[in-house]
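Let me begin by presenting the structure, written as structure tokens, before commenting on it.
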Number of protein chains: 2
Amino acid sequence: MYIIAVYDVGQKRVGKMLKLCRQYLNWIQNSVFEGEISEVKLEELKIRAKEIMDEETDSFILFRTRQEKWLEKEVVGKERSSIDNFL
Amino acid sequence: MYIIAVYDVGQKRVGKMLKLCRQYLNWIQNSVFEGEISEVKLEELKIRAKEIMDEETDSFILFRTRQEKWLEKEVVGKERSSIDNFL
């Protein structure tokens, strides 16, 4: 399946979440990722995210779609992923 | 059509973008919005966003899908929109 993932976590946990998500998905912008992922890998990502997150204050939102073609992406302004390699 | 919109703008422009997006979409979390929107309203939103944004540094990403049912949302951790009324 194809997913978009967005996290909103406390400053201290941003680095860990970024690193985790990049192991599973493609980074688009700040806290936004997208990519094709299996059900098993997605479960793994959620479990690992919960280990990092403070579930009282942090959130991690997942939008799933069965086919990538059902989602059309448009970027207005700067495409951030071009600086991906510098992070 | 149904869209997810995420902005990443300089701190000074966050308030304006938040206010703009909330006129068109439902706020989910920080800089993330979703909602049903017409093609005409979406064009209007993009034009108004460009007026706020510094297109050299800021970005505004839109994911469109023709039908909301093609997207399934899941929130891990805290559902932020519950504090929507306090902003």
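The values are calculated or read from the model by the stated rules, or taken from the named source; none is laboratory data. Just so it is clear, the model here is predicted, and its values are computed rather than measured. All Cβ positions, even for glycine, are placed from backbone atoms using ideal geometry, and neighbour counts span all protein chains on display. Side chains included, ligands, DNA and RNA excluded: accessible areas come from the protein's heavy atoms. Shrake-Rupley method; radii C 1.70, N 1.55, O 1.52, S 1.80 Å.
Computed in the context of the full set of protein chains, the accessible area of the protein assembly as shown at 1.4 Å probe radius has 46% of its extent on carbon or sulfur. Net length available on complete extension from residue A:79 to residue A:39 is 11.6 nm, with 0.36 nm assigned per residue and the Cα-Cα distance removed. Only lysine pairs 8 or more places apart or on separate chains count here, and in region A:2-69 those with Cα atoms under 20 Å apart total 9. For chain B, GluC sites (Glu not before Pro) are listed when DSSP marks them as loop and at most 13 other Cβ atoms sit within 10 Å of their Cβ; the list is B:55, B:56, B:79. Here chain A is treated with +1 on each Lys and Arg Cβ and -1 on each Asp and Glu Cβ, and its dipole about the Cα centre works out to around 200 debye.
Can you work out D for the protein assembly as shown in µm² s⁻¹ from Stokes-Einstein, where Rh is the Kirkwood radius over C-alpha pairs, the temperature is 10 °C and the viscosity is 1.306 mPa s?
96
Amide H contacts of residue B:54 (H built 1.01 Å from N, in plane; Pro and chain starts excluded): B:10 sit under 5 Å, all sequence-distant by 5 or more or on other chains. In percent, what relative contact order does region A:2-69 have, based on Cα pairs under 8 Å that are 6 or more apart in sequence? Normalised by residue count, the contact order of region A:2-69 is 51 percent. Accessible surface calculations at 1.4 Å, restricted to protein heavy atoms, place chain A at 54 Å² per residue. Computed from backbone phi, the HN-Hα couplings of region A:53-63 come to 6, 9, 5, 6, 10, 9, 9, 9, 10, 10, 10 Hz, rounded to whole numbers (Karplus: 6.51 cos²θ - 1.76 cosθ + 1.60, θ = phi - 60°; Gly and Pro given as x).
Starting from the label point of residue A:44 at 7 Å along Cα→Cβ, the same points in the other copies fall at 4.7 nm, in ascending order.
With a 1.4 Å probe, what is the total accessible area buried between chains B and A, in Å² rounded to the nearest 100? Heavy-atom accessible area buried at this interface is about 3200 Å².
For the protein assembly as shown, a simple Cβ point-charge model (Lys and Arg +1, Asp and Glu -1, everything else neutral) yields a dipole of about 200 debye relative to the Cα centre.
Compactness of region A:2-69, taken as the C-alpha radius of gyration over 2.2 N^0.38 Å, stands at 1.03.
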